[in-house]
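The values are calculated or read from the model by the stated rules, or taken from the named source; none is laboratory data. Predicted model, so just to flag it, every value in this text is computed and none were measured. Counting neighbours? That spans all protein chains shown, and the Cβs are built from the backbone with ideal geometry, glycine included.
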Amino acid sequence: MTMVKFGHSTVEANPLGLGTNAVGGYNLFPGLSDDDGRKLVEAALANGINLLDTAYVYGLGHSEELVGEVVKEHSRDQIVIATKGAHDFSTGEEVINNDPQFLADQVNKSLERLGTDYIDIYYIHFPDHDTPKAEAVGALQRLREEGKIRAIGLSNFSLDQIKEANADGYVDVVEDEFSLLHQDHLTDGMLDYLHDNQISFVPYFPLASGLLTGKYDQDVTFPKDDIRSQIADFKEPRYSAILAAVDKVRPIAANHHATLAQTILAWYLQNPLITAVIPGAKRADQVISNAKAMDVTLTSEEYGQIEAAFKEFAKVKSGKSLKDPD
């Protein structure tokens, strides 16, 4: 596919990336193995996916370490690494910290874990309560001037917080939850602001924790240590409404000899409001399958039919799947 550019930066990548919270994210999912995590990343790189999205909080640095181990076996300049920081455990408790010195320290630690000289996109993972947003971004701008990062991102910031953070025009990309099930940013003004200010948008949870892949039925349950057990989308009556909407996409997928996941991902790839999409995966075969979404081209009619299938979700403010850390 045609490469996409992120904000005002020179960073370019294929628009289908890989979210790596299940690569070393032992604190998020049960039963993960390092070997499977490495295979996920290898499968992505072998199938045209060169945007790898990780974060410190995925395994408290372990995801970054595993991603770094794989990347060092490849040409670094052909890979776009995005990572995130803001979680401070120095007191023994989880605290969100955007202090400029803390962010600088986090970038340096991420560089070490990733085993690289630079990070292509660095996101402030969550906003804190006290740090002026423009000061936090200013710290990242200084790191960009030092060559340690190439693009500045914000994750989980509200529209007002994004505006404050972008006071000097330094922000290149925003990452936040958005999917056919969570379309709040279509009506809250965020996507309009990003478009008007040449800021890229990267949605996370594009497959809504697997709900948009068609793999679930009425009898699904999750253990308490699986993050899906906390998500309202899996609770009635919303859950049944989601399954019904997903069923409406099946004929379109069949027309393209594609899976539901590939068809939904193709819809995001053709959405003019979205720069890149970063579905996660737990197995290498899922990554390989997702990569084939880049070969699916929906007609304008099919694109509209998918949009219409989920129109009821666009009318309701869904909020986020998971609560932000306080």
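Considering segment 195-235 alone, what residues qualify as being assigned to a helix (DSSP H, G or I) and loosely packed, with under 15 Cβ neighbours inside 10 Å?
Restricting attention to segment 195-235, the residues satisfying the condition of being assigned to a helix (DSSP H, G or I) are 195-196, 208-213, 227-230, 232-234.
Matches in segment 195-235: 195, 196, 229, 230, 232.
Scanning segment 81-138 for residues being of a type in the set (Phe, Trp, Tyr) and either more than 28 Å from residue 276 (Cα to Cα) or outside any strand (DSSP E or B) (or both) gives a total of 4. When we screen 74, 62, 87, 8 for residues that are of a type outside the set (Phe, Trp, Tyr) and under 18 Å from residue 288 (Cβ atoms), the only hit is 74. Regarding residue 202, is this residue within 28 Å of residue 12 (Cβ to Cβ), out of contact with any helix residue (DSSP H, G or I) (no Cβ under 9 Å at 6 or more places or on another chain), among the hydrophobic types (A, V, I, L, M, F, W, C) and modelled with pLDDT of 95 or more? Yes. Taken over segment 236-259, the residue count meeting the criterion of being surrounded by 14 or more Cβ atoms within 10 Å (Cβ to Cβ), more than 18 Å from residue 182 (Cα to Cα) and among the small types (Gly, Ala, Ser) is 2.
Residue check: is residue 52 among the aliphatic types (A, V, I, L, M), touching a helix residue (DSSP H, G or I) at 6+ places or on another chain (Cβ under 7 Å), at negative phi and touching a residue at least 40 places away in the same chain (Cβ under 8 Å)?
On the way: among the aliphatic types (A, V, I, L, M): yes; touching a helix residue (DSSP H, G or I) at 6+ places or on another chain (Cβ under 7 Å): yes; at negative phi: yes; touching a residue at least 40 places away in the same chain (Cβ under 8 Å): no.
No: the conditions fail for residue 52.
Among the candidates 16, 45, 32, the residue that is on the phi < 0 side of the Ramachandran plot and crowded, with 24+ Cβ neighbours inside 10 Å is uniquely 16. Pairing each residue of segment 81-92 that is crowded, with 18+ Cβ neighbours inside 10 Å with any residue that is small (Gly, Ala, Ser) and in a strand (DSSP E or B), provided the two are 6+ apart or on different chains, yields C-beta distances under 8 Å for 82/153; 84/153; 84/155. Do we have residue 276 as under 30 Å from residue 34 (Cα atoms), surrounded by 13 or more Cβ atoms within 10 Å (Cβ to Cβ), touching a residue at least 60 places away in the same chain (Cβ under 8 Å) and within 21 Å of the chain's Cα centre (by Cα) here? Answer is yes for this residue.
Is it true that residue 275 is touching a Ser or Thr at 6+ places or on another chain (Cβ under 7 Å) and either outside any helix (DSSP H, G or I) or over 26 Å from residue 55 (Cα atoms) (or both)?
Spelling it out, residue 275 is indeed touching a Ser or Thr at 6+ places or on another chain (Cβ under 7 Å) and either outside any helix (DSSP H, G or I) or over 26 Å from residue 55 (Cα atoms) (or both).
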